[in-house]
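What follows is a short report on a single structure.
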Amino acid sequence: MRSKIVAGNWKMNKNLTETEALLVQLSAKLPDTDAEVMVAPTFVNLAAAVRTLDSSRIEVIAQNMHFAPNGAYTGEISADMLLNIGVDTVIIGHSERRAYFGETDEILVKKVVAALENNMRVMFCFGEELEDRKSGNHFNIVESQLKNALFSLDVSHWNKIILAYEPVWAIGTGETASPEQAQEMHAFIRKTITEAYNSGVANKVSILYGGSVKPANAKEIFSKPDVDGGLIGGASLVADDFAAIIKAI
Ligand code: PGA
(Lines give C-alpha, C1' and ligand atoms only; values in the text may rest on other atoms or scores of the structure.)
Protein backbone atom coordinates (compact mmCIF):
# COMPACT_ATOMS: atom_id res chain seq x y z
CA MET A 1 0.00 0.00 0.00
CA ARG A 2 1.30 3.42 -0.93
CA SER A 3 1.24 6.25 1.62
CA LYS A 4 -1.35 8.92 1.03
CA ILE A 5 0.19 12.33 1.60
CA VAL A 6 -1.14 15.88 1.72
CA ALA A 7 1.59 18.51 1.97
CA GLY A 8 1.32 22.28 2.23
CA ASN A 9 4.03 24.34 0.55
CA TRP A 10 3.84 27.73 2.21
CA LYS A 11 6.48 29.25 -0.10
CA MET A 12 7.56 32.77 1.05
CA ASN A 13 4.46 33.36 3.15
CA LYS A 14 3.74 33.74 6.88
CA ASN A 15 6.02 35.38 9.44
CA LEU A 16 6.73 33.72 12.78
CA THR A 17 3.59 34.96 14.50
CA GLU A 18 1.42 33.94 11.57
CA THR A 19 3.17 30.57 11.28
CA GLU A 20 2.45 29.66 14.88
CA ALA A 21 -1.14 30.86 14.62
CA LEU A 22 -1.83 28.90 11.43
CA LEU A 23 -0.32 25.73 12.89
CA VAL A 24 -2.42 26.01 16.04
CA GLN A 25 -5.56 26.49 13.92
CA LEU A 26 -4.66 23.64 11.62
CA SER A 27 -3.95 21.28 14.52
CA ALA A 28 -7.36 22.05 15.97
CA LYS A 29 -9.09 21.37 12.65
CA LEU A 30 -7.02 18.38 11.53
CA PRO A 31 -9.38 15.72 10.17
CA ASP A 32 -9.05 12.15 11.31
CA THR A 33 -7.26 10.41 8.44
CA ASP A 34 -4.58 7.85 7.73
CA ALA A 35 -2.87 10.22 5.30
CA GLU A 36 0.47 11.76 6.17
CA VAL A 37 0.08 15.51 6.62
CA MET A 38 3.06 17.81 6.07
CA VAL A 39 3.68 21.54 6.09
CA ALA A 40 6.66 23.40 4.64
CA PRO A 41 7.06 26.82 6.28
CA THR A 42 9.95 29.08 5.33
CA PHE A 43 13.44 28.27 6.71
CA VAL A 44 13.48 30.86 9.50
CA ASN A 45 10.29 29.43 10.99
CA LEU A 46 11.05 25.73 10.72
CA ALA A 47 12.40 25.29 14.24
CA ALA A 48 9.45 27.14 15.74
CA ALA A 49 7.06 25.05 13.63
CA VAL A 50 8.67 21.85 14.90
CA ARG A 51 8.22 23.09 18.48
CA THR A 52 4.62 24.18 17.92
CA LEU A 53 3.75 20.79 16.40
CA ASP A 54 5.62 18.82 19.04
CA SER A 55 2.73 16.57 20.00
CA SER A 56 0.98 16.73 16.62
CA ARG A 57 1.13 14.22 13.80
CA ILE A 58 1.67 17.02 11.29
CA GLU A 59 5.22 16.76 9.95
CA VAL A 60 7.35 19.82 9.27
CA ILE A 61 9.33 19.64 6.03
CA ALA A 62 11.71 22.02 4.24
CA GLN A 63 11.16 23.78 0.91
CA ASN A 64 14.75 23.41 -0.28
CA MET A 65 18.33 22.69 0.84
CA HIS A 66 21.87 22.98 -0.47
CA PHE A 67 23.84 19.94 -1.60
CA ALA A 68 27.10 20.78 0.22
CA PRO A 69 27.52 19.54 3.80
CA ASN A 70 28.70 23.00 4.97
CA GLY A 71 31.02 25.80 3.92
CA ALA A 72 31.16 29.09 2.06
CA TYR A 73 27.66 29.17 0.54
CA THR A 74 26.19 32.43 1.83
CA GLY A 75 22.45 32.24 2.34
CA GLU A 76 22.18 28.48 2.02
CA ILE A 77 20.97 25.72 4.37
CA SER A 78 22.47 22.23 4.76
CA ALA A 79 20.95 18.84 5.39
CA ASP A 80 22.60 18.72 8.82
CA MET A 81 20.99 22.03 9.80
CA LEU A 82 17.58 20.64 8.91
CA LEU A 83 18.10 17.30 10.63
CA ASN A 84 19.41 19.01 13.74
CA ILE A 85 16.09 20.82 14.25
CA GLY A 86 14.03 17.70 13.53
CA VAL A 87 13.27 18.15 9.82
CA ASP A 88 14.04 15.08 7.76
CA THR A 89 11.99 15.58 4.60
CA VAL A 90 12.83 18.16 1.95
CA ILE A 91 11.13 19.41 -1.21
CA ILE A 92 13.57 19.44 -4.12
CA GLY A 93 13.01 20.71 -7.66
CA HIS A 94 9.99 22.92 -7.20
CA SER A 95 9.27 24.73 -10.47
CA GLU A 96 9.80 28.11 -8.78
CA ARG A 97 13.32 27.03 -7.78
CA ARG A 98 13.94 25.93 -11.34
CA ALA A 99 12.47 29.08 -12.93
CA TYR A 100 13.62 31.86 -10.56
CA PHE A 101 16.76 30.42 -8.98
CA GLY A 102 18.35 28.64 -11.91
CA GLU A 103 18.11 25.12 -10.51
CA THR A 104 19.02 22.78 -13.32
CA ASP A 105 18.77 19.00 -13.46
CA GLU A 106 22.52 18.87 -12.66
CA ILE A 107 22.01 20.87 -9.46
CA LEU A 108 18.89 18.93 -8.52
CA VAL A 109 20.55 15.56 -8.78
CA LYS A 110 23.27 16.76 -6.38
CA LYS A 111 20.60 17.92 -3.93
CA VAL A 112 18.70 14.64 -4.17
CA VAL A 113 21.87 12.62 -3.57
CA ALA A 114 22.91 14.84 -0.63
CA ALA A 115 19.50 14.46 1.01
CA LEU A 116 19.49 10.69 0.54
CA GLU A 117 23.04 10.37 1.86
CA ASN A 118 21.76 12.08 4.98
CA ASN A 119 18.93 9.59 5.18
CA MET A 120 16.33 12.27 4.46
CA ARG A 121 13.15 11.82 2.48
CA VAL A 122 12.95 13.76 -0.77
CA MET A 123 9.74 15.18 -2.21
CA PHE A 124 10.84 15.63 -5.80
CA CYS A 125 8.80 18.09 -7.91
CA PHE A 126 8.65 18.17 -11.68
CA GLY A 127 6.19 19.00 -14.45
CA GLU A 128 5.87 20.53 -17.87
CA GLU A 129 5.33 24.15 -18.97
CA LEU A 130 2.24 25.23 -20.87
CA GLU A 131 3.99 25.25 -24.25
CA ASP A 132 5.17 21.67 -23.69
CA ARG A 133 1.62 20.56 -23.15
CA LYS A 134 0.33 22.54 -26.10
CA SER A 135 2.94 21.02 -28.38
CA GLY A 136 2.27 17.53 -27.06
CA ASN A 137 5.76 17.29 -25.58
CA HIS A 138 4.66 16.93 -21.95
CA PHE A 139 5.38 13.21 -21.60
CA ASN A 140 8.91 13.64 -22.99
CA ILE A 141 9.63 16.54 -20.64
CA VAL A 142 8.41 14.68 -17.58
CA GLU A 143 10.35 11.57 -18.55
CA SER A 144 13.58 13.53 -18.98
CA GLN A 145 13.11 15.40 -15.68
CA LEU A 146 12.71 12.08 -13.87
CA LYS A 147 15.56 10.42 -15.72
CA ASN A 148 18.04 13.27 -15.22
CA ALA A 149 17.46 13.68 -11.51
CA LEU A 150 16.40 10.27 -10.24
CA PHE A 151 17.11 7.34 -12.50
CA SER A 152 20.77 7.01 -11.59
CA LEU A 153 19.79 6.37 -7.97
CA ASP A 154 20.18 2.93 -6.54
CA VAL A 155 16.90 1.08 -6.25
CA SER A 156 17.31 0.96 -2.46
CA HIS A 157 16.93 4.74 -2.30
CA TRP A 158 13.45 4.76 -3.73
CA ASN A 159 11.73 4.11 -0.41
CA LYS A 160 12.85 7.65 0.54
CA ILE A 161 11.39 9.28 -2.58
CA ILE A 162 8.01 10.98 -2.88
CA LEU A 163 7.09 12.40 -6.28
CA ALA A 164 5.04 15.53 -6.88
CA TYR A 165 3.85 16.05 -10.44
CA GLU A 166 3.11 19.75 -10.81
CA PRO A 167 2.31 21.03 -14.28
CA VAL A 168 3.76 24.54 -14.25
CA TRP A 169 0.72 25.97 -16.02
CA ALA A 170 -1.47 24.89 -13.10
CA ILE A 171 0.62 26.36 -10.26
CA GLY A 172 -0.95 29.41 -8.66
CA THR A 173 -3.00 30.06 -11.78
CA GLY A 174 -6.36 28.70 -10.67
CA GLU A 175 -6.15 26.39 -13.65
CA THR A 176 -6.01 22.76 -12.51
CA ALA A 177 -5.17 19.74 -14.59
CA SER A 178 -8.39 17.79 -15.00
CA PRO A 179 -8.54 14.63 -12.89
CA GLU A 180 -8.18 12.70 -16.16
CA GLN A 181 -5.06 14.64 -17.16
CA ALA A 182 -3.56 14.05 -13.71
CA GLN A 183 -4.35 10.33 -13.83
CA GLU A 184 -2.98 10.00 -17.36
CA MET A 185 0.34 11.58 -16.35
CA HIS A 186 0.61 9.71 -13.05
CA ALA A 187 0.05 6.40 -14.85
CA PHE A 188 2.72 7.42 -17.38
CA ILE A 189 5.13 8.22 -14.51
CA ARG A 190 4.56 4.79 -12.97
CA LYS A 191 5.13 3.13 -16.34
CA THR A 192 8.37 5.09 -16.81
CA ILE A 193 9.61 4.03 -13.36
CA THR A 194 8.66 0.41 -14.09
CA GLU A 195 10.80 0.54 -17.22
CA ALA A 196 13.74 2.15 -15.43
CA TYR A 197 13.52 -0.04 -12.30
CA ASN A 198 10.64 -2.46 -11.80
CA SER A 199 6.93 -2.51 -11.01
CA GLY A 200 7.61 -3.01 -7.30
CA VAL A 201 9.34 0.37 -7.11
CA ALA A 202 6.75 2.03 -9.34
CA ASN A 203 3.80 0.75 -7.36
CA LYS A 204 5.29 1.72 -4.01
CA VAL A 205 6.21 5.33 -4.70
CA SER A 206 3.62 7.93 -3.72
CA ILE A 207 2.89 10.36 -6.56
CA LEU A 208 1.24 13.59 -5.47
CA TYR A 209 -0.48 16.04 -7.77
CA GLY A 210 0.12 19.77 -7.34
CA GLY A 211 -1.28 22.84 -9.03
CA SER A 212 -4.32 24.83 -7.87
CA VAL A 213 -5.74 22.06 -5.70
CA LYS A 214 -8.66 23.52 -3.74
CA PRO A 215 -11.36 22.12 -1.46
CA ALA A 216 -13.73 22.14 -4.46
CA ASN A 217 -11.60 19.94 -6.74
CA ALA A 218 -9.49 17.87 -4.30
CA LYS A 219 -11.86 14.95 -3.93
CA GLU A 220 -12.16 14.28 -7.64
CA ILE A 221 -8.41 14.52 -8.23
CA PHE A 222 -7.60 12.32 -5.21
CA SER A 223 -10.13 9.71 -6.35
CA LYS A 224 -7.93 8.78 -9.31
CA PRO A 225 -6.10 5.48 -8.76
CA ASP A 226 -2.56 6.76 -9.41
CA VAL A 227 -2.95 10.02 -7.48
CA ASP A 228 -1.73 9.46 -3.92
CA GLY A 229 -2.30 12.93 -2.56
CA GLY A 230 -1.42 16.54 -3.20
CA LEU A 231 1.18 19.25 -2.82
CA ILE A 232 -0.84 22.33 -2.01
CA GLY A 233 0.33 25.94 -2.31
CA GLY A 234 -2.20 28.76 -1.90
CA ALA A 235 -4.93 26.70 -0.27
CA SER A 236 -2.56 25.42 2.42
CA LEU A 237 -2.32 28.95 3.85
CA VAL A 238 -5.93 28.88 5.04
CA ALA A 239 -6.58 26.37 7.84
CA ASP A 240 -10.17 25.60 6.80
CA ASP A 241 -9.20 25.03 3.16
CA PHE A 242 -6.19 22.86 3.96
CA ALA A 243 -8.26 20.84 6.45
CA ALA A 244 -10.95 20.34 3.81
CA ILE A 245 -8.35 19.11 1.31
CA ILE A 246 -6.92 16.70 3.89
CA LYS A 247 -10.45 15.46 4.55
CA ALA A 248 -10.90 14.86 0.81
CA ILE A 249 -8.13 12.27 0.78
P1 PGA B 1 -0.77 26.17 -5.82
O2 PGA B 1 0.77 25.77 -5.68
O3 PGA B 1 -1.55 25.12 -5.06
O4 PGA B 1 -0.88 27.53 -5.23
O5 PGA B 1 -1.08 26.12 -7.30
C6 PGA B 1 1.20 24.44 -5.74
C7 PGA B 1 2.69 24.35 -5.57
O8 PGA B 1 3.41 25.24 -6.07
O9 PGA B 1 3.21 23.41 -4.94
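Remarks
- Per-pair calculated FRET efficiency, R0 = 25 Å: A28 and L83 via Cβ, rounded to 0.05: 0.30
- In this structure, the amide hydrogen of E36, modeled 1.01 Å from its nitrogen in the peptide plane, lies closer than 5 angstrom to those of K4, I5, V6, counting only residues at least 5 positions away or on a different chain.
- Rg/Rh for region 138-222, where both radii come from Cα atoms and Rh is the Kirkwood radius: 0.98
- Calculated SAXS-style log₁₀ I(q)/I(0) at q = 0.21, 0.25, 0.27 Å⁻¹ - region 79-133, Debye, Cα scatterers: -0.79, -0.99, -1.08
- Coupling constants for region 220-229 follow from the phi torsions by the Karplus curve (6.51 cos²θ - 1.76 cosθ + 1.60, θ = phi - 60°), and in residue order they are 5, 5, 5, 6, 6, x, 9, 9, 9, x Hz; glycine and proline get x.
- Candidate lysines for bridging to K224, where Cα separation is under 18 Å - those fewer than 8 sequence places away on the same chain excluded: K4, K191, K204, K214, K247
- Kirkwood Rh, angstrom, region 183-225 [1 / mean 1/r, Cα pairs]: 11.4
- Using a Gaussian network model of the chain in which every pair of alpha carbons under 10 angstrom is joined by a spring, one finds that among L231, L108, L83 the greatest mean-square fluctuation is at L83.
- Once the Cα gyration tensor of the chain is diagonalised, semi-axes √(5λ) in Å: 25, 23, 17
- Region 109-179: translational diffusion in µm²/s, Stokes-Einstein, Kirkwood Rh over Cα pairs, 4 °C, 1.567 mPa s: 97
- Å² per residue, accessible surface of region 1-129 at 1.4 Å: 49
- Using the Stokes-Einstein relation with a Kirkwood hydrodynamic radius computed over Cα pairs, the translational diffusion coefficient of region 1-83 at 4 °C and a viscosity of 1.567 mPa s comes to 93 µm²/s.
- Solvent-accessible area, 1.4 Å probe, carbon plus sulfur percent, for the chain: 50
- Using the alpha-carbon positions of region 80-218, Rg (one decimal) and Dmax (whole number) come out as 14.8, 45 Å.
- If the segment from D54 to K134 were pulled out straight at 0.36 nm per residue, it would be longer than the present Cα-Cα gap by 24.2 nm.
- Of all segments of the chain bounded by chymotrypsin sites (Phe, Trp or Tyr not before Pro) found in a DSSP loop with no more than 15 other C-beta atoms within 10 Å, the longest spans 152-249.
- Here is the list for region 28-80: trypsin sites (Lys or Arg not before Pro) lying in DSSP coil, each with at most 14 other C-beta atoms within 10 angstrom of its C-beta, are R57.
- The C-alpha atoms of region 118-159 occupy a region whose extents along the principal axes are 38, 16, 12 Å, arranged from largest to smallest.
- Alpha carbon centroid spacing (whole Å) that separates region 198-249 from region 41-105: 21
- Gain in span if fully extended, K191 to V44, counting 0.36 nm per residue against the direct Cα distance: 49.0 nm
The values are calculated or read from the model by the stated rules, or taken from the named source; none is laboratory data. Given the structure is predicted, the values throughout are model-derived calculations rather than measurements. Glycine also receives a Cβ, built like all others from the backbone with ideal geometry; neighbour counts cover every protein chain displayed. These area figures cover heavy atoms from the full protein model, side chains too; ligands, DNA and RNA do not enter into them. Shrake-Rupley method; radii C 1.70, N 1.55, O 1.52, S 1.80 Å.
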